[in-house]
1. For the range 183-211, name all the residues that are over 24 Å from LYS155 (Cβ atoms) and in contact (Cβ under 8 Å) with a residue 12 or more places away in the chain.
2. If I go through the range 21-55 residue by residue, how many of them are farther than 24 Å from ILE217 by Cα and among the polar types (S, T, N, Q)?
3. Hey, could you check the range 71-92 for residues that are assigned to a loop (DSSP other than H, G, I, E, B) and open to solvent by 70 Å² or more (accessible area, probe 1.4 Å) and say which is nearest to PHE151 (Cα to Cα)?
4. Being within 29 Å of ASN219 (Cβ to Cβ) and in contact (Cβ under 8 Å) with a residue 12 or more places away in the chain is the requirement here; does LYS58 meet it?
5. Restricting to the range 99-134, what's the tally of residues that are β-branched (Val, Ile, Thr), closer than 21 Å to LEU10 by Cβ and modelled with pLDDT of 95 or more?
6. GLY125 - would you say it is more than 13 Å from TYR98 (Cα to Cα), within 20 Å of the chain's Cα centre (by Cα) and not hydrophobic (A, V, I, L, M, F, W, C)?
7. Quick one: is PRO13 at negative phi and open to solvent by less than 50 Å² (accessible area, probe 1.4 Å)?
8. If I go through the range 42-57 residue by residue, how many of them are outside any loop (DSSP other than H, G, I, E, B) and over 20 Å from the mean Cα position of the chain (by Cα)?
Amino acid sequence: MGLELYLDLLSQPCRALYIFARCNNIPFEFKKVQLTKGQHKTEEFRKVNMLMKVPALKDGSFTLAESIAILLYLVQKFKTPDHWYPSDLQKRARVDEYLSWQHVNIRAKGSKLFLTKVMLPLITGQPLPPEKLEFLTEDLNVALKQFEEKFLQDKPFIAGSEVSLADLVALVELMQPVCAGCDLFEERPKLKEWRRRVEEAVGKELFQEAHKEIMNIQNLTADQLAPELMETFKQQLLKQFSQN
């Protein structure tokens with residue numbers, strides 16, 4: 001049995017894994033798990049990942065959850081080029097530093113803005129008040145400023161002169177609110193140039209292919225979501241956004 005990756009390219013971490021595996025010519029079988037259909041909640045998928053989340057990896061009888069852990073597994077198993085996860089102690093530390101920071105900053109705030117603009121109105125049938133959207137946008141803006149000043153600085157990439165896992169993970173996360181209609185790059189020339197370099201490093205065609213589905217997310221309709229997920233998702237979102 002070969003390597004299997006359980007993915008839905010609507011998911012940012014899944015896109016990072018897909019792009020990383022493809023641009024490093026890692027052989028794998030793409031097992032699509034449609035989140036909108038609730039396929040991650042099935043007993044079949046639970047056997048692969050009891051947490052019932054994507055992405056997930058299966059390598060023979062070995063299974064693994066959590067995108068960062070999977071990326072690092074692929075780096076070591078397939079001996080990918082050093083720049084992805086540098087052997088140099090300090091460069092590797094820069095990658096680890098960003099991957100540790102991003103969960104509750106770029107990822108959390110970008111995801112919240114995406115859910116606000118796309119999923120919440122879709123599920124509740126009601127538009128979000130402009131002031132709520134403005135608050136969430138400003139929250140992400142703070143994280144973007146920290147990203148530029150702390151992590152990117154005046155370097156081509158986060159760890160230095162070459163692309164790393166940190167850059168790939170960062171960019172796919174930022175594409176989530178971008179695909180919801182938030183132009184994060186237009187007034188940020190440094191960030192815009194960094195995006196161009198990362199896309200070129202992994203291959204623009206591959207990057208666009210991985211983002212094809214999420215780029216059309218605003219065409220999603222409520223009837224495309226699994227009915228059994230609708231109420232649960234609605235309650236979770238309303239609770240989440242009522243706390244701000």
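The values are calculated or read from the model by the stated rules, or taken from the named source; none is laboratory data. Remember, predicted model here, so these are calculated numbers, not experimental data. Quick reminder, even Gly has a Cβ in these numbers, built from the backbone with ideal geometry, and neighbours come from all protein chains shown. Ligands, DNA and RNA are stripped out before the accessible areas are found, and what is left, the full protein with its side chains, is counted by its heavy atoms. Shrake-Rupley method; radii C 1.70, N 1.55, O 1.52, S 1.80 Å.
1. Within the range 183-211, the subset over 24 Å from LYS155 (Cβ atoms) is 205, 208-211.
Hits for the range 183-211 are ALA210, HIS211.
2. 3
3. Initial filter on the range 71-92 (assigned to a loop (DSSP other than H, G, I, E, B)): 78-81, 85-88.
Imposing the further condition that a residue be open to solvent by 70 Å² or more (accessible area, probe 1.4 Å) reduces the set to 79, 87-88.
Details: LYS79: 26, SER87: 19, ASP88: 17 Å.
Looking at residues that are assigned to a loop (DSSP other than H, G, I, E, B) and open to solvent by 70 Å² or more (accessible area, probe 1.4 Å), I get ASP88.
4. Details: within 29 Å of ASN219 (Cβ to Cβ): no; in contact (Cβ under 8 Å) with a residue 12 or more places away in the chain: yes.
Considered against the rule, which asks whether it is within 29 Å of ASN219 (Cβ to Cβ) and in contact (Cβ under 8 Å) with a residue 12 or more places away in the chain, LYS58 comes out as no.
5. Going residue by residue through the range 99-134, those that are β-branched (Val, Ile, Thr) are 104, 106, 116, 118, 123-124.
Applying the additional criterion that residues be closer than 21 Å to LEU10 by Cβ yields 106, 116, 118, 123-124.
From what's left, modelled with pLDDT of 95 or more: 106.
Total meeting the criteria: 1.
6. Numbers: more than 13 Å from TYR98 (Cα to Cα): yes; within 20 Å of the chain's Cα centre (by Cα): no; not hydrophobic (A, V, I, L, M, F, W, C): yes.
The answer is no for GLY125.
7. On the way: at negative phi: yes; open to solvent by less than 50 Å² (accessible area, probe 1.4 Å): yes.
Yes, satisfied.
8. Our first condition is that a residue be outside any loop (DSSP other than H, G, I, E, B); within the range 42-57, this holds for 43-46, 56-57.
Subsequent filtering for residues that are over 20 Å from the mean Cα position of the chain (by Cα) retains 43-46.
Residues that pass the stated criteria total 4.
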